[in-house]
Amino acid sequence: MAVGAQQMTSNTSPERIPVDSSLSPGTNQTSWLSPSGLFAFGFYQEGGKYAVGIWLVGNPNKTVIWTANRDDPLVDSSSSIEFTPYTLIVRTYQGGKAKSIISWQKPADSASMLDSGNFVIYNFPYDPSNVNWQSFDSPTDTLVIDQHLLNYKELVSSKSPVDHSSGRFHVVMQGDSNLVAYGVNSTNVDTDAYWSTNTQEKINATYTLLQDRVALFFVGGLVTLQANSSDPDQKSILLYRATLDYDGNFRLYLHSFINGDALNSNVSVKWLAQNSSCDIKGFCGLNSFCKVTDEKAGCHCFPGFDFVDESHDFLGCYRRSNYEQLCRAEESALSFSIVQMNSTTMGGHPYSVIPLSLEECSRSCSDDCHCEAALHVNDICEKNKLPIMYAAKTPDNSSTVLIKKLMPAPPGKPEEPNQHVTKGKKMLILLLSISLGSFAVLCCLIAVFSFLMYHHQVRKYERLAKVPTLGPAQEFSLQSFSYNELEKATAGFREKLHKGSLWTVYKGAISDGKRPVAVKRLEREVEEGEQEFRAEMTTVGRTHHKSLVRLLGFCKENSRKILVYEYLKNGSLANLLFNVENQLAWRERVRIALEVARGILYLHEECDLQIIHGAISTRNILIDESWTAKISDFRLAKVLMPNQTGILYNIKGKRTCVAPEQHKHALLSTKVDIYSFGVVLLETVCCRSNIVVDAPTADEVLLSTWVQKCYVAGELKKLIMDDAQVDMKSLEKMVKVGLLCTQDDPSLRPSIKDVILMLEGTKDTPDPPFITMSSVCF
């Protein structure tokens, strides 16, 4: 965020720029100057292209204080600005495109660039006090003297010193009259803030930035930057600005123009909010920590993590393996260690906070598959899942971060099988050297023993062997149940959880009643039910991920077909979203959306088999006791063979919100799951179903159509019903991703990996192409 300049006195009236005036970087007229020549409005250069904005003239570099439509693509030197009675238009002659960058309601008379740094549009007829539009009302990352920041408005940092598009930090003027700085992807709760003026509920508060010179005044819900004095020797013009810089630090700058000469100036930092960049939450990205070395802050990956982009270390780090999945795998012989990082702290939202010593905390995290990292401070253990947020090295020893890391294999272990093979060969040579007859006797004994073992085990596996198209039994770790066992486990199939057209789900318990399960029974012996039974066995039986419901076992006795799943006590995501009285908080909805996306990523790219789920919906996403989201219902799942890009589906009857191509008997790809996830994301954002028949207006019946209209009109607040917890930046990002995913053309939908990167903020989210969408719920 930036702060404005000291008000200057000038004997020269500002130049009135008439309607129909124009600017172009390819001509001599590239900007309109203020009377003093210190401020300019027009085209400024970024790299080899141009943006439109306001800057403070200086030598050798311009200081940009405002940018129009800062996240739009830059334009080339053939472009121009055209001043019409109702709008300022940027026209690019490469393709003949024209776009309005500033618009107003009443016809304009003229415009002026003022010495205050304010660009104004005057109403017709001309009256200097009758302003139609002014740049002061829409600050980007800077305030200048006498510029206001209204309630709930914000300043957003630039991406870098040479890229003035929206960056990673913002300062918000909250409703309680407190000016607060957050990372742009935070949830705007107190624990995510890294600086504030602490002026809550003080109607006429003052926050001094520079003693006896510049202050922030809080009056009636707005903040204003004011200067109390000028240069004592009257030989220089002093201009102040306060900027939320690209690194997240809020700084007050002084520009001193000697004798009022724009080409003879000095600039200095007079005040800054944080002395160390490591105190800025979000300075380093996810799964990384900030450390000061030789008075310079830098970002470093935690043990076991790698940079997302080594040339941009602030983007954070990632870990190649899913430790929670490896930890939960029963067949895994891997072991984990805890790396202790003293004098380190981290933020975020722990799922467990308990009083433990450092040793107990380390042991508890090591034994807990959910725990990826823990913070120990003042004998309190805070266990966290990934990602790790707001981590930094601290100058004291009061806090310790514990990181779970995969232990390397013991030295010499890989050679052990070869040693056994060598001994076996020696024994075989020895036996052969004794006599061929003895060897024959030994072979006979082995054959008899093998036959007896086979006869002993055959009953245990005979039911699994009868299941068609499942492949070798050893590929599965599923338990085979008898019908009588499951009838007893469900008390005669008494407690019904859900009923469908072919299947009914009952609650039960196995392991002597210690483990609750969901028992899914096929009620009618039809071909479709047989196909769905095989689909679930061949897909979910081979998967293992924290965001997928786990198949524990099955029963197949003649026409009786039953599947046994883990029981998830908190029900479906749909029930939680659409329950107005007990709705999920915004932060929980964002987390759940990411968990579902990671489950789809596993199915599409990380599993041994590439799987199309085909029925992603909020009703098929279940929530377990630790509030982890898990994808269920694999009845429509299909497996893609290596090098196979698509497969034919045959959709019958009522299903879920599916992609348009699923009704055209077309060759389908993983993009059908992307479409369904987009519907889930929009339902999660808006807490309403994709189709509401009794909606107040026709536009609101179909959710994706309504969301698109609200996004185009800039009225996203209509989607959240005044939910104060919702972060508008995060809301806009999730809406854009949802609209991208629900495009009718599969080629326009992003991959699930790109979806995750956009939701995490690692990758920029483009504007969705606004074409007619035909999302239909079946």
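The values are calculated or read from the model by the stated rules, or taken from the named source; none is laboratory data. These figures come from a predicted structure and were not determined experimentally. In this analysis, Cβ positions are derived from the backbone assuming ideal geometry, glycine residues included, and neighbour counts consider all displayed protein chains.
Computed quantities for the displayed model
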item: Every residue from segment 391-406 that is of a type outside the set (Ser, Thr, Tyr) and modelled with pLDDT of 75 or more; result: 391, 392, 393, 395, 401, 402, 403, 404, 405, 406
item: Qualifying positions in segment 712-771 - surrounded by 20 or more Cβ atoms within 10 Å (Cβ to Cβ), part of a loop (DSSP other than H, G, I, E, B) and among the hydrophobic types (A, V, I, L, M, F, W, C); result: 726
item: Search result, residues across segment 129-172 that are of a type outside the set (A, V, I, L, M, F, W, C), more than 22 Å from residue 71 (Cα to Cα) and in contact with a strand residue (DSSP E or B) (Cβ under 7 Å, 6 or more places away or on another chain); result: 130, 132, 146, 147, 148, 151
item: Subset tally (residues that are modelled with pLDDT under 90 and within 26 Å of the chain's Cα centre (by Cα)) for segment 554-570; result: 1
item: Residue 576 vs. criteria at pLDDT 90 or above, surrounded by 21 or more Cβ atoms within 10 Å (Cβ to Cβ) and closer than 14 Å to residue 620 by Cα; result: no
item: Matching residues, segment 104-132, being more than 30 Å from residue 255 (Cα to Cα) and in a loop (DSSP other than H, G, I, E, B); result: 104, 105, 106, 107, 124, 125, 126, 127, 130
item: Pairs, first assigned by TED's automatic domain parsing to the domain that holds residue 267 and among the aromatic types (Phe, Trp, Tyr) in segment 221-238, second buried (at least 19 other Cβ atoms within 10 Å of the Cβ) and at pLDDT 75 or above, C-beta under 6 Å, six or more apart; result: none
item: Within segment 94-130, considering residues that are among the hydroxyl-bearing types (Ser, Thr, Tyr) and surrounded by 15 or more Cβ atoms within 10 Å (Cβ to Cβ), the one nearest to the chain's Cα centre (by Cα); result: 116
item: Pairs where the first residue, in segment 631-645, is at negative phi and of a type in the set (S, T, N, Q) and the second is modelled with pLDDT of 85 or more and in a loop (DSSP other than H, G, I, E, B), C-beta under 7 Å, 6+ apart; result: 632/549; 645/669
item: The one condition in (1) assigned to a strand (DSSP E or B); (2) of a type in the set (S, T, N, Q); (3) within 39 Å of the chain's Cα centre (by Cα) that residue 77 fails to fulfil; result: (1)
item: Listing of strands (runs of 3 or more DSSP E) fully contained in segment 270-346 that carry 1 or more residues being under 30 Å from residue 552 (Cα atoms), out of contact with any Pro (no Cβ under 7 Å at 6 or more places or on another chain) and at pLDDT below 90; result: 336-342
item: Failed item, numbered, when residue 97 is tested on (1) at negative phi; (2) touching a strand residue (DSSP E or B) at 6+ places or on another chain (Cβ under 6 Å); result: (2)
item: Selection within segment 63-74 - surrounded by 15 or more Cβ atoms within 10 Å (Cβ to Cβ) and part of a loop (DSSP other than H, G, I, E, B); result: 68, 69, 70, 72, 74
item: Cβ pairs under 7 Å, 6+ apart, first in segment 296-320 and in contact (Cβ under 8 Å) with a residue 12 or more places away in the chain and surrounded by 12 or more Cβ atoms within 10 Å (Cβ to Cβ), second among the β-branched types (Val, Ile, Thr) and assigned to a loop (DSSP other than H, G, I, E, B); result: 302/388; 308/762; 315/308; 315/762; 316/308; 316/762; 317/308; 318/308
item: Tally, over segment 498-532, of residues that are touching a residue at least 60 places away in the same chain (Cβ under 8 Å), closer than 19 Å to residue 481 by Cβ and part of a helix (DSSP H, G or I); result: 1
item: Single residue of 250, 283, 289, 302 found to be closer than 30 Å to residue 544 by Cα and either under 34 Å from the mean Cα position of the chain (by Cα) or of a type in the set (D, E, K, R) (or both); result: 302
item: Segment 64-99, residues that are modelled with pLDDT of 85 or more, closer than 28 Å to residue 732 by Cβ and of a type in the set (Ser, Thr, Tyr); result: 67, 79, 86, 87
item: Every pair of residues 6+ apart whose Cβ atoms lie under 6 Å, when the first sits in segment 169-196 and is of a type in the set (Phe, Trp, Tyr) while the second is modelled with pLDDT under 80; result: 169/184; 182/188
item: Hey, residue 260 at pLDDT 80 or above, assigned to a loop (DSSP other than H, G, I, E, B) and either of a type outside the set (A, V, I, L, M) or not assigned by TED's automatic domain parsing to the domain that holds residue 388 (or both) or not; result: no
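Let's see how each residue does on (1) among the charged types (D, E, K, R); (2) at pLDDT below 70; (3) within 28 Å of residue 167 (Cβ to Cβ):
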position: 224; (1), (2), (3): no, no, yes
position: 233; (1), (2), (3): yes, yes, no
position: 236; (1), (2), (3): no, no, no
position: 246; (1), (2), (3): no, no, yes
position: 250; (1), (2), (3): no, no, yes
position: 254; (1), (2), (3): no, no, yes
position: 264; (1), (2), (3): no, no, no
